[in-house]
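Here the structure is laid out as structure tokens; the discussion comes afterwards.
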Amino acid sequence: MAKSKTLGVRKNENVDVLCYRFAALPTNEQIIQLNKTIGCCRYLWNRMLGDHNSPVSGNRSCSK
């Protein structure tokens, strides 16, 4: 279950600013799944970044 805490309300001219802070309390299984998901995202990001930054050599085509 996530906890929430109101940090405060601040008035700035005609704008009201309201802030919340949330803390997630995942189970061990959820922690493992989150780490796997973040690892996959990091791998894909780095792979795509490398493809974007590498020079194009000849006619590259997508392999199916």
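Values for this structure:
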| quantity | calculated |
| --- | --- |
| 17, 56, reordered so the largest accessible area comes first (probe 1.4 Å) | 56, 17 |
| Gained length - residue 23 relative to residue 49, 0.36 nm times residue gap less alpha-carbon distance | 6.2 nm |
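The values are calculated or read from the model by the stated rules, or taken from the named source; none is laboratory data. These numbers come from a predicted model, not from an experiment. SASA here: full protein model, heavy atoms, side chains in, ligands and nucleic acids out. Shrake-Rupley method; radii C 1.70, N 1.55, O 1.52, S 1.80 Å.
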